[in-house]
Amino acid sequence: EKKLLNVVEEIAIASGTPVPPVYVLDGENSINAFAAGFSLSDVAIGVTRGCMEQLSRDELQGVIAHEFSHILNGDMRLNIRLMGVLHGILALTVIGYVLLRSGALSGGSRSSSRKGGGGAAAIAIFGILLLIIGYIGVFFSKIIKSAVSRQREYLADASAVQFTRQPEGLSGALKKIG
């Protein structure tokens, strides 16, 4: 744990950021780490027990530098914005589903008069349109989100090498993770 704190302090100095709180997930034997928080003032780093025990000092340094890169590049803020956009598009799907259900229910319970029958059908058709648009939007927004996430990971790896000046440490950690 002292080695982990030393590595975090070194990377904080190299990146020019304050030292964040570090948390260890004791029950996890897999190799993983994450950065959480919205800005530099409320960030924290979590590291699994397996990451501390299975990685060498250089590899641990590469992993921690990777997480610092996510912090500096504002990846957490970007992910929250992407989740908001995705949820907004998903809301179209939900609204379409509700309109489709309400149009179908109100159309089935009408009396023998034709009054209001066209309105229920219009609501159901509008609901179907929103449902289709929402599903298409969710599909493409997930593709965009994964492409953005992939690019952010590449940037974090490049920045980690820049902070540590040791590409072997990060590549060794990635090989062990893989």
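Bear in mind that the values in this text are calculations on the coordinates, not laboratory data. Keep in mind it's a predicted model, so treat the numbers as computed, not measured. All Cβ positions, even for glycine, are placed from backbone atoms using ideal geometry, and neighbour counts span all protein chains on display.
Quick notes on this one:
- Around R152: net Lys/Arg minus Asp/Glu count, Cβ-Cβ under 14 Å: 0
- Exposed-site-free run, longest, the chain (rule: trypsin sites (Lys or Arg not before Pro); DSSP loop; at most 12 other C-beta within 10 Å): 1-113
- Modelled label reach - Q166, point 7 Å along Cα→Cβ, the stretch 31-57 residues with backbone N closer than 11 Å: 56-57
- Taking 7 Å steps out from each Cα toward its Cβ at A91 and A36 produces label points 2.6 nm apart.
- Think of the chain as a dipole: +1 on every Lys or Arg Cβ, -1 on every Asp or Glu Cβ, centred on the Cα centre; then among L5, H66, L105, L105 lies furthest on the positive end.
- Sum of -39500 (n - 2.57) over DSSP H runs of 4+, divided by residues of the chain (222 nm, nearest 500): -25000 deg cm²/dmol
- Dipole axis of the chain (+1 Lys, Arg; -1 Asp, Glu on Cβ), positive-most option in G172, F38, V138: V138
- Going through (1) -0.29, -0.86; (2) -0.29, -0.76; (3) -0.49, -0.84, the figure that equals log10 I(q)/I(0) by the Debye sum over Cα atoms at q = 0.09, 0.15 Å⁻¹ as computed for the structure here is (3).
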